[in-house]
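For reference, the structure discussed in these notes is given below.
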Amino acid sequence: MAKDGEKSDWKEFLWNPRTREFLGRTASSWGLIFLFYLIFYTCLAGMFALTMYVMLQTLDEHRPTWQDRLSTPGLVIRPRADDTFEIVYTKEDTESWDLYAQTLDKFLQPYNDSLQAQKNHECAPDKYFIQEDSGEVKNNPKRSCQFNRTVLQSCSGIDDRYYGYREGQPCIIIKLNRVIGLLPGKDNQAPYVTCAAKKDDADKIGELIYFPPNGTINPMYFPYYGKKAQVNYSQPLVAVKFLNITHNEDVNIECKINAENIPVGGERDKFAGRVSFKLRINSKN
């Protein structure tokens, strides 16, 4: 009998036909609760939308308000067949270096002179290309300076489509990472890239030649205004050609950017402003 009484109590709690209550509440009571939470969550959503709207008004569509990246640009090299920063091949074995040449071909394609002439501006060299906004009127999209592939001369892949790898005089392309607003150097002085062997390999690296001459990066490519503001920006490059590096031995090399206001290495990132890699050219002769 007790079980029948408990079952009856549960049924009455779910629906009481005498008081017309569902789960202990009348329809008007449930309606008031629903109305309360509807108004409550509508207000919360409105406050959230208003907050987001106010925050978005403080943002510039073309330039981040805050930058959490390092102010010192990093360097990267091409070609890179993998993530090990090692370039190893045998001079007489075409298959061992052909991938490097193909990688450089693909990388330099956007720098073809014809494409650069279509997309980018022929800038006045040896000075920063400043493009100021006119008050609240944004000067966007901003123009970008041409960096023509032919500037890399014998490392351009135009006269030598093997980039020196077949002769054991390989070219390495060095690219400076983008940092918005960076003005490297001082008073329009051009930054430049230098490469050297690590201490134990100093006698193995041989003679180097840089393109453009002296590894110079012209100031006209700075400042960079961001991907949205400067959609056609072409990062300046420096090519290094190794003329008589020692064969059949590992040579550990470090390249760095040199400018008065660009510190190389630091507590936050010891590789800031420089890049290290291993170069080994095997020869059967």
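For the range 138-196, enumerate the residues that are touching a helix residue (DSSP H, G or I) at 6+ places or on another chain (Cβ under 7 Å), assigned to a loop (DSSP other than H, G, I, E, B) and among the β-branched types (Val, Ile, Thr). Correct list: Ile158 only.
Candidates are the residues of the range 146-188 that are at pLDDT below 95 and over 28 Å from Phe85 (Cβ atoms); the one that is most open to solvent (accessible area, probe 1.4 Å) is Asp187.
Here the range 80-97 is the region considered, the condition is being out of contact with any helix residue (DSSP H, G or I) (no Cβ under 9 Å at 6 or more places or on another chain) and either at pLDDT 95 or above or outside any helix (DSSP H, G or I) (or both), and the residue that is most open to solvent (accessible area, probe 1.4 Å) is Asp83.
Close contacts from the range 23-49, counting a first residue that is in the same structural domain as Glu12 (by the TED database) and a second that is loosely packed, with under 10 Cβ neighbours inside 10 Å and among the charged types (D, E, K, R), with Cβ to Cβ under 6 Å and a gap of 6+ residues or different chains, come to none at all. State yes or no: is Ile205 buried (at least 16 other Cβ atoms within 10 Å of the Cβ) and closer than 23 Å to Arg80 by Cα? In short, yes. If you go through the range 106-121 and keep only what is closer than 13 Å to Tyr233 by Cα and surrounded by fewer than 12 Cβ atoms within 10 Å (Cβ to Cβ), you end up with just Gln118. Out of everything in the range 122-145 that is open to solvent by less than 40 Å² (accessible area, probe 1.4 Å) and touching a strand residue (DSSP E or B) at 6+ places or on another chain (Cβ under 7 Å), what residue ends up being farthest from Asn285 (Cα to Cα)? The residue in question is Phe129.
The values are calculated or read from the model by the stated rules, or taken from the named source; none is laboratory data. Owing to the predicted nature of the structure, the values given are computational and were not obtained by experimental measurement. Neighbour counts run over all protein chains shown; Cβ positions are idealised from the backbone, glycine included. The protein model used for the area step is the full one, side chains on, heavy atoms only, and it has no ligands, DNA or RNA in it. Shrake-Rupley method; radii C 1.70, N 1.55, O 1.52, S 1.80 Å.
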